[in-house]
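The values are calculated or read from the model by the stated rules, or taken from the named source; none is laboratory data. None of these values were measured; they are calculated from a predicted model. Cβ atoms come from the backbone with ideal geometry, glycine included; neighbour counts cover every protein chain shown. For accessibility, only protein heavy atoms count, side chains too; no ligands or nucleic acids. Shrake-Rupley method; radii C 1.70, N 1.55, O 1.52, S 1.80 Å.
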Amino acid sequence: MAPRATRSTRSSTAAGGAVSRATTTSRSSPAVNHNAPEETPDNVLRQQVAAVFRDAQRTTASHRKLAVTLRKIQEACCYEPTTTKKTATTTNLGDFDEDDFNTEFVRCVLRVMPVKKSESVGEKTVRFIGLFLRHAIDKDNEITGEADMDTSTMPETPATRLTTYLMQTILPLLQAKDKFVRYRSTQLISHIINSLDAIDDDLFQKLRSGLLKRIRDKEAMVRVQAVLGLGRLAGNEVEAEEDSEDSEGDTGSGLLDKLLEVLQNDPSADVRRSLLVNLPILPKTLPFLLERARDQDAATRRSVYSRLLPALGDFRHLSLSMREKLLRWGLRDRDENVRKAAGRLFRERWIEDCAGTPPPAETGQPAEVSPPNLDALLELLERIDVINSGGENGIGLEAMKGFWEGRPDYREAMVFDDTFFETLSAESVFVCRTFNDFCRSEGNGKFEQLAEEKLPEVTKVAFYLERYIKVLIDAIKRAEEQEDLEEEEEEDTVEQEFIVEQLLHIALTLDYSDEVGRRKMFSLLRQTLSIPELPDEVTKLTVNVLRDICAPDAAGEKEFCSIVLEAVADVHDTIVDEPPADGNDNDDESFHSAQSEVSTPDAGDTTPTKSSKNKNVPELSEEEAAKKAIKEIMINMKCLHIVQCMLTNVTGDLQQNDHLVSMLNNLVVPAVRSHEAPVRERGLVCLGLCSLLDRSLAEENLTLFMHFFSKGHTALQITALNILTDILNVHGSQLLSNNPTLLKVYIKALRSGARHPEVQASATVAVSKLLLGRVISDPDFSAELLKTLVVAYFEPASSDNQSVRQALNYFLPVFCYSRAENQDLMRVVALDALHTLYNVREGLEDDDADVDEEMVSLSTIGACLVDWTDPRKCYYPGKEEGAEGERKNVNADVHLEFARAILERLSSSVPKEEKKIIAALLGKLYVSPASTEELTREVYEQVCEAVENGLLTDATSRNSLYKLHVGLGKIVNQLDAAAVAAQMNSAEGQVQRYRRSVSRASSVGLGSVAGGGPSAGREGSVVSSRAGSVIKEEDEEEEEATVVLGRTEPVMKSIEEDDGDEEGDDKSLVSELLDEDEEDEGEETL
């Protein structure tokens, strides 16, 4: 198609010169004010262009039709007509050229710039502009013919000239003062950049520079639009650099680096989320994009799983560690929507990648779901390393729980037949285990029938378990025989151990009502537990299944203990009883190695081979003796581990179980006395578990546990601390009262953050549990521990110990808001803790440290203490959410006591700086009319005394004191007014009674008080009016507490005198009132 001739004679350089003059003027000031262009006389072209823009604001449905209409107007102005036929649109446009059209077009665009973000017409118009420019450029390319792909310059057409003219007109508005003008101009430029395929190089650089300045704009909405455009520019720059072999510049990477910095540090979640979905996915940007899975904003984190990762393609391109991290972060996120998005990604997108399903098209059509494929599921589990992620704390269990819940097609398609169990792998057995767990624990039992149908019965599971245990033991023995174990064989051993563990997990959930299957499983596990090579985790699960098989009553527990201890004896005998070199077998050397330690506690070596019984045994070489000593350590370690697993499943009384008593004396106590550290530490754990079953044993060994804490290493200290905490939780706080030194153990542990942060973290959790569970009831002990926790929370020594900070960040508010008694305890320790922290801060200042960076300000600490003791936030029985109106007036005695303690502290010798901090707390306290009246008056008197004596000198402290003074004064005035009203009501009642009595007296002829009835009534009215005037004066002068209080005292005094006269005075109340009336009349006359 031959190119059509344009009617415009304007060259591109002329256009550039005109625009450059405009931009030069705009650059003269850094902030540009947007002013609408001067209006020119109306014309036909303006009416038609404006009509198109007016219609475009109404709905986006007609945008394509309107773009065609506007294009016809542009062609009529820019091109010579090829036919004499004129349409209604192009009529009367022969006198206009390209410049006129561009001017009118830009004139309409500029009208959009001041439109607020909330107005939808702005969004619709911007979308229409981008659609029209794209349509116009495509039409121009059709008219002029497609440009050669190898050319480096863009073809110059009316549409490209219009785009350049529009961009250069809008660019100065990026620096306008009006935030909405900056927003609309940035939005328009970014939308055009994302709508067009190509932009002129000169214009590209100008747009890049202008948008880069906007990523630092103070308005988040402007930054969002800026990064939308820069994301597209950055992707184009990187592509251009990759295509150019001899590129020397690094402009693309420079732009990417700036955008990545914004992605990491911009305070607006909208900006970060916009970059997340618009930045190009490159090896350089991918780690930063995936890092947003830990973003503070929940919507941004959800976008990683719902938009970024599906757009990434096949997840298998990610590293194994990154897959595991993304799953763990997503499925354990605190926001439910993020968890749902991560679970949906795993069960819908990643499984389809393994099944070979192509990703969904960009048209928005949902991807086709492939039919259930066991091989794809096994590959998916292999890709997340199920052997390591399938443990109790791994992410595999959570991922598969969501998988079974969201994919019912896979639930129905699973077949666990003999072939499946005969060829188990780590992935397939994990599928079976998670399917079994889901069916038996989810849906309130509605899936249990599905598990019964698909899984084999107990007897079959026992045979399969026996088979794989044998394979595991053979693999372990082969590994022990080979000194240099190959990596493949080691991985095979780990996989076999994982398979046995998963089968034991399945066995934990089976129904053992089938006696045949129960006996088979019982005998298998009994034999398995006697195998010395059995791994620790398998041993633990075996003991748990054995306890599940035995009856839950006391007889079943005794049977369980006897079975396990028999297995312990077998393990001991199997390893120790090796034939000596001369062929004589020593029958005494059985399960008594621990006893030999008891019989010879002072011996240098506690191993049984060094006892006097073995004098006839040939002496061993040094290497053989070392091997034998190591083997004996392994004996005791294995036996103690089995006992430890058994004790965790026992709940009965220790003294009532002979097997446990025998085990304690023959194995645990000798192990605690052992000179071998590993044996001694494991024996300590077993002794702690035994102490939980017997109170007397716990009391006897408290000193021993404290000794281990004092002398042991970090791990042993943590173990001893956990044992002591468990003992207190089980047997009560009386043990703490009887052993005051136990408190010092916890205090020492809480203060060991600098040397042993792990010990401090463990102690923090332990003390938090004891206080929150009200195990420690002694007020002095509780106060000392709580004070130590508060100091540990704020002191800089624990700033790097996130375990301590996180535990206390939860504990302190929950503890204080859960009970009023806890708030009072916090009030007791608050000032002492604040004084300690003041000394800590002073020490930092003496060391020339950056105090503000190391430690929060004392005013912030004081605000936290006041907030934790706020009675309005405390829970009370029957409190319902949303019933805040009922809690406006609550008993604030705790803050009144707090105020009394603060005033006492201020009256003592306190440093000036600390006094300012403490005094500021007075203004933050909550006072309430619902508080105890007596306490309110006492504290008010103390506050008044402090005001009169000038206790505080600086203005800030005085203002805090005055604020409390005024607040309490209002409450005291209300109390006094209520008392006065009550007394007045009582006096009026007495007057009414006397009026009735006087009336009766006058009716029977008492001449001395003739007319007394009316006068009595008059005097009664006088009293009422006077009382009313007193109350009125109180209402008018309510804020002047001391003045009002002074005025009420005489009234109350007169009432008391009236009452006294009524009881014993000869002068009647009627006569007294008459006298007062005469005095009042005399005063009125004067």
Inset, instruction - Classify the range 698-817 as rounded, prolate or oblate from the Cα gyration tensor: take a ≥ b ≥ c as the square roots of its eigenvalues, call it rounded if a/c is under 1.5, otherwise prolate when a/b beats b/c and oblate if not. - result: oblate
Legend entry - In nm, spacing of pseudo-spin labels at V516 and A955 (7 Å Cα→C-beta vector): 9.5 nm
Legend entry - Loop-resident sites, the range 640-691, for trypsin sites (Lys or Arg not before Pro), counting at most 15 other Cβ within 10 Å (DSSP): R673
Legend entry - Pair S621, L374: separation of 7 Å Cα→Cβ label points (nm): 5.4 nm
Legend entry - Neighbour-limited loop hits for trypsin sites (Lys or Arg not before Pro), the range 887-985 (at most 10 other Cβ within 10 Å; DSSP other than H, G, I, E, B): K888
Inset, instruction - Hey, can you grab everything whose amide H is under 5 Å from the amide H of Y79? Only 5+ residues off in sequence or another chain; H modelled, so Pro and N-termini drop out. - result: R7
Inset, instruction - Net charge near Q734: determine it from the other residues with C-beta under 13 Å of the C-beta of Q734, scoring Lys and Arg +1 and Asp and Glu -1. - result: -1
Legend entry - Projected label distance in nm at V44 and S209, using a 7 Å step from Cα toward the beta-carbon: 4.3 nm
Legend entry - the range 765-804 shape via C-alpha gyration tensor axes, a/c threshold 1.5: oblate
Inset, instruction - Report the FRET efficiency, 1/(1 + (r/R0)^6), for Y876 and Q806, where r is their Cβ-Cβ distance and R0 is 22 Å, rounded to 0.05. - result: 0.20
Inset, instruction - Any chance you could look up the accessible area of M634 with a 1.4 Å probe, heavy atoms only, rounded to 10 Å²? - result: 110 Å²
Legend entry - Extension gain from R332 to A979, taking 0.36 nm per residue of separation minus the Cα-Cα distance: 226.9 nm
Inset, instruction - Quick one: of K744/K787; K117/K177; K787/K912; K711/K769, which pairs are farther than 18 Å apart, Cα to Cα? - result: K787/K912; K711/K769
Inset, instruction - Count neighbours as other Cβ atoms within 10 Å of each site's Cβ, and list the trypsin sites (Lys or Arg not before Pro) in the range 307-350 that are DSSP loop with at most 12 such neighbours. - result: R332, R334
